[in-house]
Every structure is written in structure tokens, then in C-alpha cells.
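This report concerns only the one structure given below.
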Amino acid sequence: MRQFLETTFGPDELEILDIVLEKWRAQRGLPKDNPDVELAAAVMLNLFREGNRTIETLKAAAAEHRALSDL
């Protein structure tokens, strides 16, 4: 739990999140200002904090996340 709360986001971490979020958004054809994209970003931040810290592991975790699959 401590690692989850103390996760810091620098340029490298933000780039990983951006790449995965943009791919997710593009697959669904959603504009950046869509509320579902904001929700997906929040979910992906939490997935990252849970230890999915590479593009591949974050993509895999996002693909398995029920809320992201339903959006």
C-alpha cells in the first residue's frame, strides 16, 4: 500500500501513461475531451500505481480491467 500512495510521476512515467491512454482512446475513436477518457486516465493511473509500470504491462492490465472494457 505504501508504494501505491508514494508513487511519483516524472516524464518517463507520464510518457508510459500517455502512450497507453492514447492507444486506448484511438481504438475507441473517442475525442480527448470525452468524459470516458478522463475516467480511463484515472483508472490507468491507479493501474500504474499498482505496479503496471511498463507499456506492455499497463496495456495488459487495462485490457483486463472491466470498467475500461465496458467504456
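Quick check on the range 24-36: of everything there that is closer than 16 Å to Asp70 by Cα and assigned to a loop (DSSP other than H, G, I, E, B), which residue is most open to solvent (accessible area, probe 1.4 Å)?
Pass one, the range 24-36, residues closer than 16 Å to Asp70 by Cα: 24-30, 34-36.
Subsequent filtering for residues that are assigned to a loop (DSSP other than H, G, I, E, B) retains 29-30, 34.
Details: Gly29: 65, Leu30: 31, Asn34: 35 Å².
Looking at residues that are closer than 16 Å to Asp70 by Cα and assigned to a loop (DSSP other than H, G, I, E, B), I get Gly29.
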Does Leu39 qualify as being out of contact with any Pro (no Cβ under 9 Å at 6 or more places or on another chain) and without any contact (Cβ under 8 Å) to a residue 40 or more places away in the chain? yes
For the range 48-71, how many residues meet the condition of being open to solvent by 80 Å² or more (accessible area, probe 1.4 Å) and assigned to a helix (DSSP H, G or I)? 4
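Only one residue in Leu39, Leu14, Leu21, Leu45 is touching a helix residue (DSSP H, G or I) at 6+ places or on another chain (Cβ under 6 Å) and surrounded by 10 or more Cβ atoms within 10 Å (Cβ to Cβ). Which one?
Details: Leu39 fails: touching a helix residue (DSSP H, G or I) at 6+ places or on another chain (Cβ under 6 Å); Leu14 fails: touching a helix residue (DSSP H, G or I) at 6+ places or on another chain (Cβ under 6 Å); Leu45 fails: touching a helix residue (DSSP H, G or I) at 6+ places or on another chain (Cβ under 6 Å).
Answer to the selection: Leu21.
The values are calculated or read from the model by the stated rules, or taken from the named source; none is laboratory data. Only a predicted model underlies this, so the values are computations on that prediction, with no experimental measurement involved. With ideal geometry, Cβ positions are generated from the backbone for all residues, glycine too; neighbour counts draw on all protein chains shown. These area figures cover heavy atoms from the full protein model, side chains too; ligands, DNA and RNA do not enter into them. Shrake-Rupley method; radii C 1.70, N 1.55, O 1.52, S 1.80 Å.
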